[in-house]
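Here the structure is laid out as structure tokens; the discussion comes afterwards.
The values are calculated or read from the model by the stated rules, or taken from the named source; none is laboratory data. Since we're looking at a predicted model, the values are computed, not measured. Neighbour counts run over all protein chains shown; Cβ positions are idealised from the backbone, glycine included.
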């Protein structure tokens, strides 16, 4: 049986940031795309979603408390224990053990939503199998970088390039 893939699906500015220093994504929402920029198509390929706690808090604030990923298995990595909700399980256990266990379960791909700290831990533990990065034609100068400095290297194989209005989507497979 093949292992499920862990996929990073995320948007960034041309200069490599996923948000401003104050967690704003206004720069992203000002860009003209095409439809939903491939989101629905991607969303159908996953049944499990992994989110860092800070990103989860941002999503809940932005969505005014309405959880956007109902019907998927959602796990939020948090350093402090929290009460599970109807839609989310909070995880404090070892990231490597937890994700490797998930990958062995039957199902669709696993979406690593963000943020930067969780991504870095995933990269340093060689857990990411595919990256789908959508680039907005915007330079924001400073903010939260997609890739933080760390003890990891990725060798990537380009799988595809698509454009959605002003956005460009790059799809890479991680060569292991």
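Just for the stretch 114-131: of the residues that are within 27 Å of residue 35 (Cβ to Cβ) and modelled with pLDDT of 95 or more, which one is surrounded by the most Cβ atoms within 10 Å (Cβ to Cβ)? Please lay out each step first, then the result.
Just the residues of the stretch 114-131 that are within 27 Å of residue 35 (Cβ to Cβ), to begin with: 114-115, 119, 128-131.
Subsequent filtering for residues that are modelled with pLDDT of 95 or more retains 128-131.
Details: 128: 20, 129: 19, 130: 18, 131: 22.
Restricting to residues being within 27 Å of residue 35 (Cβ to Cβ) and modelled with pLDDT of 95 or more, the top hit is 131.
Looking only at residues in the stretch 55-67 that are surrounded by fewer than 18 Cβ atoms within 10 Å (Cβ to Cβ) and touching a helix residue (DSSP H, G or I) at 6+ places or on another chain (Cβ under 9 Å), which one is farthest from residue 130 (Cα to Cα)?
My answer is 66.
Among all residue pairs at least 6 apart or on different chains, which show Cβ distances below 6 Å where the first residue, located in the stretch 3-15, is surrounded by fewer than 17 Cβ atoms within 10 Å (Cβ to Cβ) and the second is outside any strand (DSSP E or B)?
What qualifies is 3/103; 14/139; 15/139.
If I go through the stretch 27-38 residue by residue, how many of them are exposed (fewer than 14 other Cβ atoms within 10 Å of the Cβ) and either closer than 26 Å to residue 70 by Cβ or in contact with a helix residue (DSSP H, G or I) (Cβ under 7 Å, 6 or more places away or on another chain) (or both)? Quick ask: steps written out before the conclusion?
The initial filter retains those residues of the stretch 27-38 that are exposed (fewer than 14 other Cβ atoms within 10 Å of the Cβ), namely 29-30, 32, 34-36.
Of the ones still in play, those that are also either closer than 26 Å to residue 70 by Cβ or in contact with a helix residue (DSSP H, G or I) (Cβ under 7 Å, 6 or more places away or on another chain) (or both) are 29, 34-36.
Result for the stretch 27-38: 4.
Across the stretch 152-176, what is the number of residues that are within 10 Å of residue 37 (Cα to Cα) and in contact with a strand residue (DSSP E or B) (Cβ under 6 Å, 6 or more places away or on another chain)?
Residues in the stretch 152-176 being within 10 Å of residue 37 (Cα to Cα) and in contact with a strand residue (DSSP E or B) (Cβ under 6 Å, 6 or more places away or on another chain): 4 in total.
Starting from residues that are part of a loop (DSSP other than H, G, I, E, B) and out of contact with any helix residue (DSSP H, G or I) (no Cβ under 7 Å at 6 or more places or on another chain), keep the ones in the stretch 68-78 and report whichever is surrounded by the fewest Cβ atoms within 10 Å (Cβ to Cβ).
Filtering the stretch 68-78 for residues part of a loop (DSSP other than H, G, I, E, B) gives 68-72, 78.
Still in the list and also out of contact with any helix residue (DSSP H, G or I) (no Cβ under 7 Å at 6 or more places or on another chain): 69-72.
Numbers: 69: 18, 70: 9, 71: 7, 72: 17.
Going through the qualifying residues, I end up with 71.
Does the stretch 104-113 contain any residue that is without any contact (Cβ under 8 Å) to a residue 24 or more places away in the chain and not in a loop (DSSP other than H, G, I, E, B)?
Scanning the stretch 104-113, I find no residue that is without any contact (Cβ under 8 Å) to a residue 24 or more places away in the chain and not in a loop (DSSP other than H, G, I, E, B), so the answer is no.
Looking for something in contact with a strand residue (DSSP E or B) (Cβ under 7 Å, 6 or more places away or on another chain), closer than 19 Å to residue 166 by Cβ, at pLDDT 95 or above and part of a loop (DSSP other than H, G, I, E, B) - is there at least one such residue anywhere in the stretch 11-24?
Yes; the residues of the stretch 11-24 include at least one that is in contact with a strand residue (DSSP E or B) (Cβ under 7 Å, 6 or more places away or on another chain), closer than 19 Å to residue 166 by Cβ, at pLDDT 95 or above and part of a loop (DSSP other than H, G, I, E, B).
Looking at the stretch 83-100, which of its residues are in contact with a strand residue (DSSP E or B) (Cβ under 9 Å, 6 or more places away or on another chain), outside any loop (DSSP other than H, G, I, E, B) and either loosely packed, with under 11 Cβ neighbours inside 10 Å or in contact (Cβ under 8 Å) with a residue 60 or more places away in the chain (or both)?
Listed by number, the list holds a single entry, 99.
Do we find that residue 150 is within 17 Å of the chain's Cα centre (by Cα), over 18 Å from residue 3 (Cβ atoms) and modelled with pLDDT under 95 in this structure? Working first, answer last.
Details: within 17 Å of the chain's Cα centre (by Cα): no; over 18 Å from residue 3 (Cβ atoms): yes; modelled with pLDDT under 95: yes.
Against the criterion (within 17 Å of the chain's Cα centre (by Cα), over 18 Å from residue 3 (Cβ atoms) and modelled with pLDDT under 95), residue 150 does not qualify.
Can you pull out the residues in the stretch 132-176 that are touching a residue at least 24 places away in the same chain (Cβ under 8 Å), surrounded by fewer than 11 Cβ atoms within 10 Å (Cβ to Cβ) and closer than 16 Å to residue 121 by Cα?
151, the sole residue that qualifies.
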